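Below is one structure, written out as structure tokens; the observations come after it.
The values are calculated or read from the model by the stated rules, or taken from the named source; none is laboratory data. All values derive from a computational prediction rather than experimental measurement. Positions of Cβ are generated from backbone atoms using ideal geometry, with glycine treated the same way; all protein chains shown enter the neighbour counts. Protein only, heavy atoms only, side chains kept; ligands, DNA and RNA dropped before computing areas. Shrake-Rupley method; radii C 1.70, N 1.55, O 1.52, S 1.80 Å.
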Amino acid sequence: MEWRASHILVKDRATADDILAKIRQGAQFETLAREHSTCPSKSQGGDLGWFGEGKMVPAFESAVKRTSPGALGDVTQTQFGYHVIKCTGRRD
């Protein structure tokens, strides 16, 4: 199984919660990723591409697995910071 996801990585929970709320109110995920993310993927609107089992840190991978394609997940904390995650695909 492989997944595709986009994310916005920030340093604090309050910022992540604020970004997630803006997206749920209609803001464009990709635009907010370019403006706020600290990850190099921000230049691609947060797109991380396709990845398989064990390629991402466990908390991030688990969050993506729980999220349906096209949906937003909950804010997820890893050693890198706080992630706003959007699952964009799943394939066998």
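Of all the residues that make up the range 17-27, how many are free of Cβ contacts under 8 Å to residues at least 60 places away in the same chain and either open to solvent by less than 20 Å² (accessible area, probe 1.4 Å) or over 13 Å from the mean Cα position of the chain (by Cα) (or both)?
Filtering the range 17-27 for residues free of Cβ contacts under 8 Å to residues at least 60 places away in the same chain gives 17-18, 21-22, 24-27.
From the residues that got through so far, the ones that are either open to solvent by less than 20 Å² (accessible area, probe 1.4 Å) or over 13 Å from the mean Cα position of the chain (by Cα) (or both) too are 18, 21-22, 24-27.
Of the residues in that region, 7 qualify.
Kindly establish whether ALA71 is free of Cβ contacts under 8 Å to residues at least 24 places away in the same chain, within 14 Å of ALA5 (Cα to Cα) and in contact with a strand residue (DSSP E or B) (Cβ under 8 Å, 6 or more places away or on another chain). When the stated conditions are applied, ALA71 passes them. Scanning the range 71-87 for residues that are open to solvent by 70 Å² or more (accessible area, probe 1.4 Å) and at pLDDT 95 or above turns up GLN77, GLN79, PHE80. When SER68, SER6, SER62 are checked against the criterion of being surrounded by fewer than 18 Cβ atoms within 10 Å (Cβ to Cβ) and not in a loop (DSSP other than H, G, I, E, B), a single residue qualifies: SER62. Consider the range 28-54 and keep the residues that are open to solvent by 70 Å² or more (accessible area, probe 1.4 Å), touching a residue at least 40 places away in the same chain (Cβ under 8 Å) and outside any strand (DSSP E or B). The one that is nearest to ARG90 (Cα to Cα) is GLU53.
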